[in-house]
Amino acid sequence: MTARTSLRRRRAALGLALAGGLALSGCASNAATAPKATTPANSSKGSGLNEPDVNGDGKVVIGVLSPGDINDHGFYESFVDSADAFAKEKGWKVIKRGSVPAGDALTAARALCQQHVDMVALAAGELKAAIPASEEPVCAKTAWYVPSSANIDQTPRILLSSDNPNQSLLAAGYAAGLKMKAAGYTKAGFVTGVKADFSVLGAKAFLAGIREVVPKATLVSTYTGDFNDSAKAKEATQAQISQGAKVIYPYLGGATDAAAQLANANGALTLTPGTDRCASTSPKFDISVIFSPGDYFRAALENFAKDDLKMGTKRVWQLGVDPYPTVKICNGQGDEDQQLAQFMKKIGTKAIDPEAEVKRLG
């Protein structure tokens, strides 16, 4: 799992070991390797780049860079899985690299372009430092897909894809609140990695959603400093359970399953950070919070295949309007499913203002 909004990701900024097939050199500095910028492409018809074979070499190659573990069974893996599945349908090729440090993003993007990719796709906004390469000669014949966050500016050479994590995290909290109210619980836990704007605000939105149903609920938030370190995630989860948390939200990447399994073992309810895993039994999840970047990316690839992925534009996905993002109670009891659906519908129709609710209750 736009990021990724200041929460993203996404969330965007997560949702969080390395896939082979791409040799990237990080020896030279960004400044040393920076070519001069090109004139932005015309975005009046698609990208203006003759998609999908943008460079005209007779094949279509998608290059993916991810800041997280692309084998995390969740947020980041969904992005790569969508690329692989769509590419297989079309006879395209995917070059991918996971666990890319933000400081290496620009060099990594240039290396992709040197391998004649037709698209550079960033899995999350944390790699925004790569974006200047879109204006450089080395990447002149490429389209760019970028999950949006509040600090990423729209430029003529990129397509931004965005959702509002205030919406999905508020709804996630609401779903958890329904379960907490039914069980008589009042305390929940939020385990995440780096303490940054998106993770801090994510915790606030989650708490606000819970308080929509359980007004006196409290939330323990723990920032382990690493979305993928399972040992740290388990330590944080155990500490929260020891403090009485009956719901654990592992807002993590590769460490998600370790935290969820420990929550399962202690009888705590748990939620997913981006994907639908209601069918999973080990670990078991009680609520799927679905803002998978893979779902958004597939829609972009479908447009790319039609020469209709328009650079210089932004697609905003709305909870309660679009298929994604959404929240799903895995085994809803009574009228829980109906209450959650109605809550999300109110967000979609703007009867509920997520930002105002987060400010009021978070």
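The values are calculated or read from the model by the stated rules, or taken from the named source; none is laboratory data. Predicted model, so just to flag it, every value in this text is computed and none were measured. Note: ideal-geometry Cβ built from the backbone for every residue, glycine included; neighbour counts use all protein chains shown. Each accessible area value is taken on the protein alone, full model and side chains, heavy atoms only, with ligands, DNA and RNA left out. Shrake-Rupley method; radii C 1.70, N 1.55, O 1.52, S 1.80 Å.
Brief remarks follow.
- Carbon-plus-sulfur accessible fraction, the range 248-289 (probe radius 1.4 Å, protein heavy atoms only): 49%.
- A viscosity of 1.567 mPa s and a temperature of 4 °C, combined with the Kirkwood radius over Cα pairs in Stokes-Einstein, give a translational diffusion coefficient for the chain of 64 µm²/s.
- About its Cα centre, the chain has a charge dipole of approximately 640 debye under the convention of +1 per Lys or Arg Cβ and -1 per Asp or Glu Cβ, with nothing else charged.
- Solvent-accessible surface (1.4 angstrom probe) belonging to Glu355, in square angstrom, nearest 10: 80
- Cα lying deepest toward the dipole's positive end in the range 261-362, options Tyr296, Thr281, Asn266, charges on Cβ: Tyr296
- Residue-count net charge about Phe304 - beta-carbon cut-off 11 Å; Lys, Arg +1, Asp, Glu -1: -2
- Average accessible area per residue (Å²) across the chain - probe 1.4 Å, nucleic acids and ligands excluded: 39
- nm² value of the averaged projected area, convex hull over the Cα atoms of the range 222-362: 11.1
- For trypsin sites (Lys or Arg not before Pro), the sites in the range 254-362 that DSSP calls loop and that have at most 13 other Cβ atoms within 10 Å are Lys306, Lys350.
- Rolled with a 1.4 Å probe across the full set of protein chains, the surface gives Phe86 an accessible area near 10 Å².
- Helix-only CD estimate at 222 nm, as mean residue ellipticity for the chain, using -39500 (n - 2.57) per DSSP H run (n ≥ 4): -11000 deg cm²/dmol
- Surface share of carbon and sulfur [accessible, 1.4 angstrom probe, percent] for the range 57-197: 50
- Sites Gln342 and Ala305 - FRET efficiency at Förster radius 51 Å, r taken between beta-carbons, to 0.05: 0.90
- Using R0 = 22 Å, the C-beta based FRET efficiency linking Ala102 and Val316 works out to 0.35.
- Heavy-atom accessible surface of Lys59, to the nearest 10 Å², is about 120 Å², with a 1.4 Å probe and all protein chains retained.
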